[in-house]
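Quick note: the coordinates plus some simple rules give every number you see, no bench work behind them. Note that the structure is a prediction, hence the values are computed from the model and not measured. FYI the Cβ positions are ideal-geometry reconstructions off the backbone, even for glycines, and counts take in every protein chain you see.
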Amino acid sequence: MTFEEPKPVEASNQGVWAIFSSTFLTIFLAEMGDKTQLATLLISAESQSPWIVFLGAAGALITTSLLGVLVGQWLAKRLSPKNLDTAAGSLLLLIAVMLLWDVVQMGG
């Protein structure tokens, strides 16, 4: 069984919307109910200034997303997609092992 390298998506209108929608859905679902959203909820409730909290939270999320895009672009120019996949998989595996280790230590 062989795997082919993913082909770059053309910058056509359909390609742009496919990338945008998959990115939006992935990030939207990943962020739903996470600690950032809960912190924003609490800050908004305490401050009684929901629009100021919204602007601050949106600015922070835009900034972190920009950093992710810039670092991803920088890495993509220096590493092959296969190496990036291996590095990301290894990092996620390490995080999973560390979380499992914490669970085992707390249970014992």
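Within segment 88-98, can one find any residue that is free of Cβ contacts under 8 Å to residues at least 12 places away in the same chain, surrounded by 11 or more Cβ atoms within 10 Å (Cβ to Cβ) and closer than 24 Å to Phe28 by Cα? Steps first, answer last, please.
Narrowing segment 88-98 to residues free of Cβ contacts under 8 Å to residues at least 12 places away in the same chain: 88-98.
Right, trim to surrounded by 11 or more Cβ atoms within 10 Å (Cβ to Cβ) and you get 88.
When the remaining residues are screened for being closer than 24 Å to Phe28 by Cα, the result is 88.
Yes, segment 88-98 contains at least one residue that is free of Cβ contacts under 8 Å to residues at least 12 places away in the same chain, surrounded by 11 or more Cβ atoms within 10 Å (Cβ to Cβ) and closer than 24 Å to Phe28 by Cα.
Taking helices (runs of 4 or more DSSP H) that fall entirely within segment 5-108, which contain at least 1 residues that are touching a Phe, Trp or Tyr at 6+ places or on another chain (Cβ under 8 Å)? Explain how you work it out, then say what you get.
Values: elements: 13-31, 35-47, 50-78, 81-107.
Result: 35-47.
What are the residue pairs meeting all of these: first residue in segment 29-44, first residue under 12 Å from Gly56 (Cα atoms), second residue part of a helix (DSSP H, G or I), Cβ atoms under 7 Å, and 6 or more apart or on different chains? What qualifies is Thr40/Val53; Thr40/Ala57; Ile43/Val53; Ser44/Pro50; Ser44/Val53.
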